Amino acid sequence: MEANALAGNKNSGTREKDDFYPTPPHATNALLDRIEFKGDIWEPACGDGAISEVLTKHGYKVYSSDLFDRGYGEPGIDFLKVSEKNVVPFSSIITNPPYKIAKEFVEKSLEVTDDKVAMLLKLNFLESVNRYGMFKSTPLKHVFVFSKRLTFYEPNSEKKGKSGVLAYAWYVWEHGYTGNPQIDWII
């Protein structure tokens, strides 16, 4: 396999262990150009700190954790097993969750926050009968679609200038919002 293989574009068809693909900084900056968050933020799938570092540079207080130890944040925290009783209150959650359990991340995030939840997910997350019910019963306010495909580099790879192969968007839920989701593009 080439050292610069891109997420979702591997010749072998295999995925990175535990769906770990660090978020490009410009993707998080694009979110922060559009949405303001209040209070403390939790990044529960922090990986190597890609999102957390951008949030911190923008002046946010961020608690970073991950199930796995990738040298950043507090390792060994299984986000899906936390309960409201044992969580310090966080206003918002911003993360790029493992896609195979993204729906569960959304649901848990809405349980433990009181302001906003922002998830970087594939655009096709909008599809599926299973997620339709979740979308209809949760306060999804914005979907910010990247007009240019994001490139996710594998950790420790040589970064080359190839374009990604999958469409991504920031999905933003806001507690108390009752309207239809608004769609916009990140150019």
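For region 85-140, the relative contact order works out to 37 percent when only alpha carbon pairs closer than 8 Å and six or more residues apart are counted. Each residue of region 118-132 is assigned a 3J(HN,Hα), and the resulting list reads 10, 10, 8, 9, 4, 4, 6, 4, 5, 7, 4, 5, 4, 7, 3 Hz, derived from the Karplus form 6.51 cos²θ - 1.76 cosθ + 1.60 (θ = phi - 60°), x at Gly and Pro.
Shape analysis of region 17-186 places it in the rounded category; the axes a ≥ b ≥ c from the Cα gyration tensor give an a/c below 1.5.
The Stokes-Einstein estimate for region 20-61, based on a Kirkwood radius over Cα pairs and taken at 25 °C with 0.890 mPa s viscosity, is a diffusion coefficient of 231 µm²/s.
For region 22-28, backbone phi angles converted through the Karplus equation (6.51, -1.76, 1.60; θ = phi - 60°) give residue-by-residue couplings of x, 7, x, x, 5, 5, 5 Hz, Gly and Pro being listed as x. Per-residue 3J(HN,Hα) values for region 63-68, derived from phi via the Karplus relation 6.51 cos²θ - 1.76 cosθ + 1.60 with θ = phi - 60°, read 9, 10, 9, 7, 5, 10 Hz in sequence order (x marks Gly and Pro).
Each value in this text was obtained by applying a stated rule to the coordinates, not by laboratory testing. Keep in mind that this is a model prediction, so the values were computed, not measured.
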